[in-house]
Structure formats: structure tokens, C-alpha cells
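Okay, structure first, notes after.
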Amino acid sequence: MTRNEIKDLILEIIKDIDEDAEFDGLDPDKPLRDQLDLDSMDFLDIVMELRKRHGLLLPEDEYPELATLSSCVNYLEPKLADK
Amino acid sequence: MSNLPNHQRIVITGVGLTSPNASNLLEFRKKLLAGQSEITTVKPRYMDPAPAGICTFDETRYRKKKENKRGTRAGCISVYCANEAINDANIDFSEYDRAKTGVYIGLTEHGSVETENEVYNISNFDYNTDYWTHHHNPRTVLNNPAGEVTMNLGITGPHYSVGAACAAGNAAIIQGVQMLRLGEVDLALCGGISECVGSFGIFASFKAQGALAEHEDPKKASRPFDRDRNGIVISEGGCIYVLERLDKALERGATIYAEIAGYAMNSDAKDFVLPYGPRQAECVELALERAGMQPQDVTIINTHATGTKQGDVEECKALRQVFSDCPDTYINNTKSHIGHAMGAAGVLELAGNLPSFTDNMVHPTINLDNLDPACALPNIVANLPKQLDNVDVILNNSFGMLGINSVVIVSKYRK
């Protein structure tokens with residue numbers, strides 16, 4: 001997957017969690033939690049969806065890598081390179 | 001009239017509900033008087049379609065889609081009913097403290113829907129439990145529906161579920177009354193909820209028991225007391241009442257639907273599923289005694305009868321025993337309209353009858369084409385509503401598996 005496709009994947013998963021989420025003006029370098037109505041349970045949903053959709057088993061101590069949209073893309077790019 | 005002091009008299013001042021034919025009391029009453037069933041069919045997972053009652057309330061009136069997705073169907077129904085009840089009672093929490101408000105929700109069962117969904121989910125991943133959702137526990141803890149209400153309304157008093165099979169709605173009312181009388185809370189939101197149309201296991205279990213209704217027209221499938229009845233129509237639904245002490249209700253000028261005049265619960269101590277008329281009769285007699293009433297004082301008996309062969313007959317035996325000499329007592333059944341809403345049944349059915357105190361009508365039992373001789377009680381109001389001169393007292397039966405019986409008696413409020 002390309003970096004853009006990974007970004008779209010994350011936004012698509014967030015949209016599944018919260019249909020009302022608005023991405024206009026979303027700063028990719030600021031924490032998603034500060035900009036969207038997301039809590040720790042929602043981040044576990046993101047982890048689960050990555051597992052279900054792409055078989056990614058992310059170690060728990062690496063969950064903080066999903067904090068911002070940019071960090072998601074950076075972290076997932078090598079893992080999804082051949083997906 | 002009650003002999004209790006006003007601070008021990010408990011009254012209903014708000015009703016919030018969703019049933020398979022209505023999303024508020026006014027609409028519900030209108031449909032019941034018109035005999036308008038909206039029972040449809042659902043296709044439970046792995047099974048053929050079956051008659052069922054589905055609610056179509058505005059799910060996002062009181063919380064966001066995201067919160068509905070996070071929570072359970074039972075929680076969604078509870079939040080709707082609780083908000084409707086609070087609004088109906090004109091409670092804005094300026095006169096009541098959220099910390100002294102209790103939420104008591106009656107449930108027949110809870111967690112079947114979520115568990116079945118998750119087992120189905122992991123079946124798509126070779127039953128690897130790494131794919132089991134982290135939402136499972138918060139969704140299936142037994143206090144879930146009541147807890148979702150407290151989070152939505154910011155209520156910080158106690159909340160819990162009352163598990164009492166299909167007597168649970170009545171049991172939750174009783175819990176609310178007791179907590180108010182004990183002074184544990186000043187305001188009680190209590191009622192019952194059911195999400196069970198989402199569980200194939202509940203349909204399959206009734207079917208295996210020979211107790212799942214079948215009819216080519218789903219609207220005619222729920223037919224208590226009828227010779228051709230063949231089982232239960234499973235429905236979802238919910239009803240939550242605002243209960244408060246009479247002195248406070250009068251002080252704030254609340255509209256009073258009814259006063260809780262008496263109640264009782266007991267146990268058959270006999271069988272897992274089969275009901276037992278003699279113990280039901282004892283429960284009715286105990287409730288009357290506590291209300292300080294004679295059987296002749298009851299204007300309307302709202303029956304529990306679910307449309308099963310034996311259950312209906314047992315309840316009729318109990319009523320025949322207690323109300324043998326009551327020519328002015330009328331009998332009806334709400335499940336014939338809305339199916340069996342399990343944990344919500346008792347409270348929904350009582351709600352459907354509360355307007356009788358103002359319109360003096362008895363809503364009919366519908367689908368009663370050929371009265372079963374074993375159910376031939378006098379004064380069953382069949383197929384058309386009955387106009388009376390006055391309705392003073394309503395007795396509400398609600399019984400459940402494992403032999404749990406409950407009776408709540410409400411009376412028209414009089415000073």
C-alpha cells in the first residue's frame with residue numbers, strides 16, 4: 001500500500017467507528033484523540049480492524065505509534081508494503 | 001385511598017417507552033384501543049423466519065450513532081426510554097439530585113446477542129480468539145443497560161439490573177418503590193428492556209421447547225387464550241417509569257399517572273419452565289392484601305398470558321380462584337398486540353393500560369377468535385375495547401421461567 005492508501009485506510013476505519021467524524025482541517029501531526037471524538041476503546045477498534053482487514057498483529061507496546069495520522073502512516077508503511 | 005403518609009406513597013409521574021407498534025404512550029394507547037398489531041417477521045441467524053416484534057424509535061434522538069455502536073441494543077432502547085420518561089415527567093434535575101437518583105432495569109437475560117455475534121465473528125477467523133472484541137465485557141456485564149442510562153444522563157446514584165426472567169419489569173418497579181421508601185434514592189427510573197429479537201438462541205430454544213408461535217400472518221401469531229394458539233411471539237421493547245414520592249410530586253406539580261398500591265413476588269419452587277397456577281394465585285392474593293384491597297376492588301387485570309398452551313391455562317386457573325366473584329372486573333392481554341417483550345413485558349403492558357384511568361376504556365385482547373374453554377374467564381375483553389364508567393385499579397401480572405411470579409397493583413391517584 002502507498003502512504004496515501006494507508007492514510008485513507010485509517011480514515012476509513014475511523015469513519016466506521018464514528019460516522020459523524022469530520023476530517024476537514026485534520027492536522028496529520030497532531031494527536032487524533034485531540035481532534036476527533038476518539039478514546040482508548042476506539043484505538044483498540046483501529047487495532048482490531050487492522051488485524052481483521054490485513055492480518056496485522058500489532059504488539060501492545062507499539063499502539064502509541066497510532067497516535068497521529070502521520071505516525072500511523074510511518075509505522076504501518078513497512079508492514080503494509082506488500083499488501 | 002392509601003393510609004400511608006405522603007412521603008411513603010409512591011407515584012408514577014413519567015413514562016418512556018418503545019414497543020413494536022409505538023414509540024410513546026399516546027401512540028401506544030391509540031394502537032392498543034384500535035387493536036392494531038404491527039408484529040412482523042425476522043430471520044434469526046441459522047433459522048427460518050419467525051414472527052417477531054421490532055421497535056422503530058428514533059435511535060439518535062438522545063445519543064450519537066457512535067455511542068449506539070459502542071453500546072448494546074438494550075442500552076440504546078434504555079437510553080431512549082429513560083430520556084422520554086424524564087421529559088414526560090418534566091424532570092430537569094433542578095429539583096432532584098442526580099446522586100440521589102437510582103436506575104433499576106429489569107432484564108430477562110442479557111449478553112446473548114453480543115455473545116452470539118462474537119462467536120459468529122470469530123467463526124470467520126477460524127475461531128481465533130485474537131479476533132474477539134474488547135467490547136464484549138462492557139457490553140455483556142449485567143448492569144450494561146442501566147449503566148448506559150447513567151452515562152447518558154449523568155446520573156451518579158446507584159444503577160443495576162434486576163434479573164427476574166419475564167417478571168423482570170415488575171420486579172424493577174418493586175425495586176424502585178422499595179428504594180424510595182427506604183430513602184436510598186429520591187427519584188427512581190425503573191422499568192424493563194428486551195433486545196432478544198437479536199438472539200437466534202432465544203428463538204431456537206423456544207422452538208425446541210415447542211413454544212415458538214407460528215402463523216402465516218405474523219399479526220395473528222400472538223393469540224393468548226385462543227383455542228389455536230401455538231406459542232410465543234418474541235419481541236424487543238422497553239419501558240421506563242419515573243417513580244417519586246407523592247409529597248415531592250405534589251410539591252413540584254407533577255402529573256400523576258397512578259399510585260403504586262401494592263405488589264408481591266414469590267416463587268413456584270417447582271419447575272424450570274412450567275408455570276404453576278396455585279403459586280400465581282398466592283402472589284395475586286399477597287399483592288391484594290398489601291394493597292388493602294379485595295378482589296372486587298380490581299377494575300382491570302392485565303394478564304401475563306403468552307400464548308402457550310399450558311401457561312395461559314395456569315394463569316386462568318389462578319385468576320378463576322382469586323376472582324371467582326368479581327362481576328365488575330375485566331381481563332385483557334397486551335401481548336396479543338405486541339408479542340412477548342420479555343424483560344420489558346410487564347412494564348410495557350402496564351403502561352398500555354395506565355390511560356384507562358383517564359379514558360375509562362379497557363383495551364382488548366386481540367386475535368381471540370375461538371376462546372379456549374380452559375381459558376374461559378368471565379369478562380375477557382375480546383377484540384373490541386370496552387368502555388366502563390370508571391377505572392380505579394389495575395392489577396398487572398408478570399411471570400417468568402424458574403417459577404418467578406410478580407404482581408403490581410396500581411390505583412388511580414386520589415388525595
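We did not get these values from a lab; they are worked out from the coordinates using the rules stated. In this text the structure is predicted, and so the values were computed from the model without any measurement. Neighbour counts are summed over all protein chains in view; Cβ atoms, including those assigned to glycine, are modelled from backbone coordinates with ideal geometry.
As a proxy for reagent exposure, B:I338, B:I86 were ordered by neighbouring Cβ count within 10 angstrom, fewest first; the result is B:I86, B:I338. Within a straight-line Cα-Cα reach of under 28 Å, B:K31 can be paired with the following lysines, leaving aside sequence neighbours fewer than 8 residues apart in one chain: B:K43, B:K219, B:K220, B:K309, B:K335, B:K386, B:K412.
Counting every alpha-carbon pair across segment B:45-173, the share separated by more than 21 Å comes to 49%.
A P(r) calculated from all alpha carbon pairs of the protein assembly as shown, with 20 Å bins opening at zero, reads 23, 50, 22, 5, 0 percent. Computed about the Cα centre, the dipole magnitude for the protein assembly as shown is approximately 1360 debye when only Lys and Arg (+1) and Asp and Glu (-1) carry charge, each at its Cβ. With the charge dipole of segment B:238-367 set up from +1 on Lys and Arg Cβ and -1 on Asp and Glu Cβ about the Cα centre, the Cα lying farthest toward the positive end among the listed residues B:N360, B:A264, B:T306 is that of B:T306. Relative to the globular-protein estimate of 2.2 N^0.38 Å, the Cα radius of gyration of segment A:1-40 stands at 1.14. Counting Cβ atoms of other protein chains within 10 Å of each residue's Cβ and taking the mean over peptide A:35-44 gives 2.
Once you reduce segment B:149-217 and segment B:369-396 to the center of their Cα atoms, the two points are 26 Å from each other. Amide H contacts under 5 Å for B:H340: B:V233, B:I234, B:S235, restricted to partners 5 or more places along the chain or on a different chain, H placed in the peptide plane at 1.01 Å from N.
Counting each DSSP H run of 4 or more residues in chain B as -39500 (n - 2.57), what helix-only mean residue ellipticity at 222 nm follows after dividing by all residues, to the nearest 500 deg cm²/dmol? Result for chain B, helices only: -9500 deg cm²/dmol. The Cα atoms of segment B:1-115 cover 55, 37, 25 Å along the three principal axes, with the biggest extent listed first. Note on chain A: percent of Cα-Cα distances in each 10 Å bin, starting at 0 and stopping at the bin with the largest distance, equals 18, 59, 23, 0. Per 20 Å bin, what is the whole-percent P(r) computed from every C-alpha pair distance within chain B? For chain B, the binned pair fractions read 30, 59, 11, 0 percent. The value given for segment B:132-199 is a Kirkwood hydrodynamic radius of 13.2 Å, derived from the mean inverse Cα-Cα separation.
Distances between placed amide hydrogens fall under 5 Å for B:T60 paired with no residue 5 or more residues away or on another chain. When both bridge partners sit in the protein assembly as shown, DSSP labels roughly 65% of those beta bridges antiparallel.
Across B:D312, B:D372, B:D389, mean-square fluctuation computed from a Gaussian network of chain B (C-alpha pairs under 10 Å connected) peaks at B:D389.
Taking amide H atoms as placed 1.01 Å from N in the peptide plane, the amide H of B:I380 lies under 5 Å from those of B:I331, each 5 or more residues away in sequence or on another chain. Here is the tail figure for segment B:10-251: Cα pairs spaced more than 21 Å apart come to 59 percent of all pairs. Highest mobility in the GNM of chain B, judged by mean-square fluctuation with C-alpha springs under 10 Å and restricted to B:A261, B:A168, B:A344, is found for B:A261. Straight Cα distances below 21 angstrom link B:K64 to the lysines A:K15, with same-chain residues fewer than 8 positions distant left out.
Placing pseudo-labels 7 Å out from each Cα toward the beta carbon at B:W132 and B:R290 gives an inter-label distance of 4.0 nm. Each part reduced to its alpha carbon centroid, segment B:258-331 and segment B:9-56 end up 24 Å apart. Sites listed here are GluC sites (Glu not before Pro) in segment B:231-331 whose DSSP assignment is loop and whose Cβ has at most 16 other Cβ atoms within 10 Å, and the list is empty.
Counting only Cα atoms, segment B:263-411 measures 41, 36, 29 Å along its principal axes, largest extent leading.
Largest mean-square fluctuation among B:T129, B:T306, B:T41, in a Gaussian network model of chain B whose springs join Cα atoms under 10 Å apart, belongs to B:T129. Evaluated with a Cβ-only charge set (Lys, Arg +1; Asp, Glu -1), segment B:263-411 carries a dipole of roughly 300 debye about its Cα centre, given to the nearest 20.
Charge tally for B:T129 (other residues, Cβ to Cβ under 14 Å; Lys, Arg +1; Asp, Glu -1): -1.
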